[in-house]
1. In region 198-215, how many are assigned to a loop (DSSP other than H, G, I, E, B) and touching a strand residue (DSSP E or B) at 6+ places or on another chain (Cβ under 9 Å)?
2. Could you tell me whether residue 223 is more than 26 Å from residue 354 (Cβ to Cβ), within 23 Å of the chain's Cα centre (by Cα) and away from the ligand (no atom under 15 Å from the Cβ)?
3. Could you please let me know if residue 253 is at negative phi, in contact (Cβ under 8 Å) with a residue 60 or more places away in the chain and surrounded by fewer than 22 Cβ atoms within 10 Å (Cβ to Cβ)?
4. For region 150-158, check the following and say yes or no: at least one residue is touching a helix residue (DSSP H, G or I) at 6+ places or on another chain (Cβ under 8 Å), under 24 Å from residue 63 (Cα atoms) and crowded, with 21+ Cβ neighbours inside 10 Å.
5. Is it true that some residue in region 299-316 is touching a residue at least 60 places away in the same chain (Cβ under 8 Å), part of a helix (DSSP H, G or I) and on the phi > 0 side of the Ramachandran plot?
6. Could you look through region 11-42, keep only residues that are part of a strand (DSSP E or B) and closer than 19 Å to residue 57 by Cβ, and pick out the one that is farthest from the ligand (Cβ to nearest atom)?
7. Do any strands (runs of 3 or more DSSP E) lying entirely in region 102-162 carry at least 3 residues that are more than 10 Å from the ligand (Cβ to nearest atom) and in contact (Cβ under 8 Å) with a residue 12 or more places away in the chain, and which ones are they?
8. I'm trying to understand the selection: among the residues of region 216-249, which are assigned to a loop (DSSP other than H, G, I, E, B) and either within 25 Å of residue 202 (Cα to Cα) or modelled with pLDDT under 95 (or both)?
Ligand SMILES: Cc1cc2nc3c(=O)[nH]c(=O)nc-3n(C[C@H](O)[C@H](O)[C@H](O)COP(=O)(O)OP(=O)(O)OC[C@H]3O[C@@H](n4cnc5c(N)ncnc54)[C@H](O)[C@@H]3O)c2cc1C
């Protein structure tokens with residue numbers, strides 16, 4: 001692909017869940033959209049567990065996951081302390097009124113491709129293998145270019161995920177040090193043990209709290225389980241394979257869980273990933289999804305926040321296109337901050353085992369409190385009747401910079 005010369009109302013960089021959802025919502029409001037994606041799809045991506053509030057947002061976009069062969073129904077989340085096996089199950093059907101009752105675990109390669117194809121079906125002009133290398137903004141719009149050619153648009157959006165293309169070029173990405181520092185992960189199949197059946201056989205995600213971090217066990221299908229270890233202080237020189245294998249060997253529970261199953265994906269590692277972009281928008285450019293903020297993934301909030309805020313951003317962009325004036329981001333930014341700060345505060349607390357034991361696990365005894373935690377863990381974070389969320393938002397970060 002060489003020498004393309006395209007014009008559009010909005011240019012979106014990146015066709016992950018944030019970029020493709022934004023493109024779909026923009027098309028539904030009549031804007032012309034070009035999407036530039038570096039990779040060819042399907043491509044591997046970590047981040048397989050959705051929160052329930054993603055489901056209605058996807059439906060508003062025209063996407064339904066019911067019956068999709070890459071999606072496994074997720075009715076709840078099981079939190080467990082290792083080694084005591086003390087546990088609390090969050091049942092999404094018991095959130096606050098209006099909290100959507102179930103979610104899905106998805107194979108991201110196929111989920112992301114489905115969202116990109118949906119945007120194309122709605123009329124978005126999606127280009128694969130088109131890495132954006134230059135981003136120039138002037139008073140009338142933005143010009144993006146790469147080896148494939150160039151795009152001129154009135155507005156541009158950075159949806160490049162952790163590449164955070166726009167923020168890293170501006171040097172406005174600030175690292176958040178207070179969470180897990182490295183994730184090591186892979187996938188096992190066939191996982192058929194009685195322990196696995198009992199914990200994740202119904203589709204629940206299992207979050208296991210281990211010394212110095214936590215682990216995820218995500219049933220991608222009946223017998224295929226994604227497993228990851230997130231460490232706060234990863235030991236130097238220890239590979240992803242050594243870290244995950246060691247964590248499994250050290251835990252009687254995990255040895256039972258994975259009995260007679262095999263690894264079916266390579267070991268992978270992503271390190272130093274929590275950050276926020278201090279300048280997430282300008283007069284003609286905005287950011288969405290991980291390009292804006294990335295937080296420790298313990299609550300699986302990334303895709304859901306990306307999709308739901310993409311819907312809000314589409315409305316903001318269309319208002320600017322109609323008025324011809326620079327972007328007015330105050331409302332969108334406030335909505336993003338409400339979500340990100342809620343999860344930030346909760347993540348911080350999950351690295352304090354005494355808080356998990358004394359507050360979170362005790363919530364099981366108080367119906368209203370449990371419903372409020374459930375609503376947050378479902379991604380139902382834009383409401384005003386949640387006292388647990390109100391208290392989280394009223395608290396300050398314990399260490400390191402605030403997301404602003
Ligand atoms: C270890 C780990 C576990 C996670 N687990 C979960 C989970 O269980 N549930 C969950 O919801 N989230 C999870 N996440 C987070 C989740 O992966 C992200 O929040 C989500 O992918 C964000 O979507 P996005 O569209 O913003 O970015 P991405 O999905 O990363 O998409 C960005 C796209 O931009 C493209 N791109 C990048 N640079 C350029 C460029 N210059 N030009 C053109 N294209 C470009 C990339 O190829 C990519 O396709 C996890 C993250 C990590 C690190």
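1. 5
2. no
3. Yes.
4. Yes, region 150-158 contains a residue that is touching a helix residue (DSSP H, G or I) at 6+ places or on another chain (Cβ under 8 Å), under 24 Å from residue 63 (Cα atoms) and crowded, with 21+ Cβ neighbours inside 10 Å.
5. no
6. 33
7. In region 102-162, 149-158 are the strands (runs of 3 or more DSSP E) which contain 3 or more residues that are more than 10 Å from the ligand (Cβ to nearest atom) and in contact (Cβ under 8 Å) with a residue 12 or more places away in the chain.
8. Answer for region 216-249, where residues must be assigned to a loop (DSSP other than H, G, I, E, B) and either within 25 Å of residue 202 (Cα to Cα) or modelled with pLDDT under 95 (or both): 220, 221, 222, 223, 224, 232, 233, 234, 235, 236, 237.
The values are calculated or read from the model by the stated rules, or taken from the named source; none is laboratory data. Just so we're clear, the structure is a prediction, and the values are computed from it rather than from any experiment. No Cβ is skipped: glycine too gets one built from the backbone with ideal geometry, and neighbour counts run over all protein chains shown.
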